[in-house]
Amino acid sequence: MLNKTFMISAAVSLILIIILILIIGPAGILKTIDHISIEDCLILIIFSLAALFFSALSVNNALNVYSAKIDLINLFCIKIIGFSANYIAPSGLLAGFVGGDAIMALILKKKKGLEFKQGFSAGLASKVVEFSVFLFFIYLGLILGFKYFYLPPEIWFFLFIAGIFIGVITLFFLLNPIIDNRFFTKVLMNLSKIKFLNKIITKITSQINELEKEMHFFFTKGVKYLLLSVFLSLLVTIILILQIWLLVHYLGINMGFSKTLLVFAVSMLVFALPLAPGSAGTYELSQVGLFDLLGMGSDVGLTFSLIMRIINLTIVGFSFIILPHYGINLFKKKDIEKI
């Protein structure tokens with residue numbers, strides 16, 4: 001099922017990207033991309049790896065709450081695999097919160113003997129904090145963009161609705177464990193009252209309850225763990241924003257702070273919505289439209305998005321090299337069913 005879904009959505013996305021290239025013109029894209037060198041691309045890849053490294057540190061900080069000791073090199077590699085799992089699956093906020101972190105927890109269980117509920121809770125807790133920090137800069141980018149730049153009203157309407165929707169989801173994932181509401185456990189208990197669902201749901205209700213319990217434990221263990229997660233998430237955000245500015249600079253355009261934040265905000269909103277793998281096609285389309293409306297050129301927007309795509313796919317490619325060491329195949333049914 002994963003193979004079929006991935007292949008269909010990837011094919012549709014590739015067609016959309018090809019159409020964009022043909023509309024804008026390959027010559028203009030090649031002229032724009034000529035500004036950037038292999039060395040520049042390597043620096044941009046290092047930025048992405050640095051962001052993943054600090055994100056891995058945040059997971060390590062969460063694991064410390066459970067007194068779990070995982071060496072940082074292995075945790076960094078596992079984080080790359082988790083990132084790749086999110087990237088090749090249909091994107092979206094829930095996929096980003098669940099998919100990659102579940103695979104990371106599975107690897108930690110198989111290779112390090114860590115309980116799945118603790119590995120998953122640690123990854124999920126750090127992701128909630130990280131995306132909460134992202135949201136602050138997303139909203140700041142939208143506010144500055146609304147103040148300084150003209151975009152059609154329907155685009156602003158879509159961006160603000162998307163921002164509110166994703167903000168509500170993130171706030172829910174943040175508050176639910178803090179107040180120990182056990183929302184998902186309560187939902188499953190109510191569903192278990194339905195006769196034909198009882199047997200299936202009863203098997204997983206206790207596991208979900210334990211996961212929510214572990215999440216609550218992280219947020220109430222101590223302020224220092226939460227503050228460190230916020231700090232590390234802030235570093236991740238700054239690195240990603242600087243990477244956007246640097247790439248556009250390499251393409252020959254000096255983009256100011258407000259435009260950089262707006263590009264970051266739109267990028268994160270597109271990746272957070274449930275779309276194709278890695279938001280392929282839709283991400284490129286959003287950047288083409290945004291760069292054009294901001295006066296930087298649709299060719300720059302498409303080149304920017306394609307280079308970011310290549311950077312991310314390079315990291316995904318590396319993850320497939322290290323996957324055999326951790327005994328996971330993202331496309332094998334038996335491995336997916338274990339998650």
Task: Matching residues, the range 290-327, being in contact with a Leu (Cβ under 8 Å, 6 or more places away or on another chain) and not in a helix (DSSP H, G or I) - done: Leu294
Open item on the list: For a quick check of your reading of the model, give me the residue pairs whose first member lies in the range 216-243 and is farther than 30 Å from Ile45 by Cβ, whose second is among the aromatic types (Phe, Trp, Tyr) and not in a helix (DSSP H, G or I), with beta-carbon atoms closer than 8 Å and at least 6 apart or on different chains.
Closed with: Phe217/Tyr66
TODO: For the range 56-169, please list each of the helices (runs of 4 or more DSSP H) lying entirely inside it that holds at least 2 residues being more than 28 Å from Thr314 (Cβ to Cβ) and free of Cβ contacts under 8 Å to residues at least 24 places away in the same chain.
DONE: 116-148
- [ ] Report, ordered by the first and then the second residue, all pairs with beta carbons closer than 8 Å, sequence separation of six or more or different chains, a first member in the range 176-196 that is more than 18 Å from Lys221 (Cβ to Cβ), and a second member that is surrounded by 14 or more Cβ atoms within 10 Å (Cβ to Cβ) and of a type in the set (Gly, Ala, Ser).
- [x] none
Task: Subset of the range 36-45 [crowded, with 16+ Cβ neighbours inside 10 Å and among the aliphatic types (A, V, I, L, M)] - done: Ile36, Leu44, Ile45
TODO: Considering only residues that are touching a Phe, Trp or Tyr at 6+ places or on another chain (Cβ under 8 Å) and among the aromatic types (Phe, Trp, Tyr), look in the range 74-117 and name the one that is modelled with the lowest pLDDT.
DONE: Phe97
- [ ] Could you figure out which of (1) buried (at least 18 other Cβ atoms within 10 Å of the Cβ); (2) closer than 24 Å to Gly327 by Cα; (3) out of contact with any Asp or Glu (no Cβ under 7 Å at 6 or more places or on another chain) isn't true of Ser48?
- [x] (2)
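Residues checked against (1) within 30 Å of Leu228 (Cα to Cα); (2) modelled with pLDDT under 90:
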| residue | (1), (2) |
| --- | --- |
| Phe134 | yes, no |
| Ala162 | yes, yes |
| Ile169 | yes, yes |
| Phe183 | yes, yes |
| Lys199 | no, yes |
Open item on the list: Residues that are under 23 Å from Phe53 (Cα atoms), of a type in the set (Phe, Trp, Tyr), modelled with pLDDT of 85 or more and out of contact with any Leu (no Cβ under 7 Å at 6 or more places or on another chain): does the range 244-263 have at least one?
Closed with: yes
- [ ] Please enumerate the residues belonging to the range 113-128 that are buried (at least 23 other Cβ atoms within 10 Å of the Cβ) and of a type outside the set (Gly, Ala, Ser).
- [x] Gln118, Phe120, Leu124, Lys127, Val128
Open item on the list: Let me confirm something: among Ile307, Ile321, Ile253, which residue is surrounded by fewer than 21 Cβ atoms within 10 Å (Cβ to Cβ) and free of Cβ contacts under 8 Å to residues at least 24 places away in the same chain?
Closed with: Ile321
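The values are calculated or read from the model by the stated rules, or taken from the named source; none is laboratory data. None of these values were measured; they are calculated from a predicted model. When we count neighbours, we look across all protein chains shown, and the Cβ atoms used for this are built from the backbone with ideal geometry, even at glycine.
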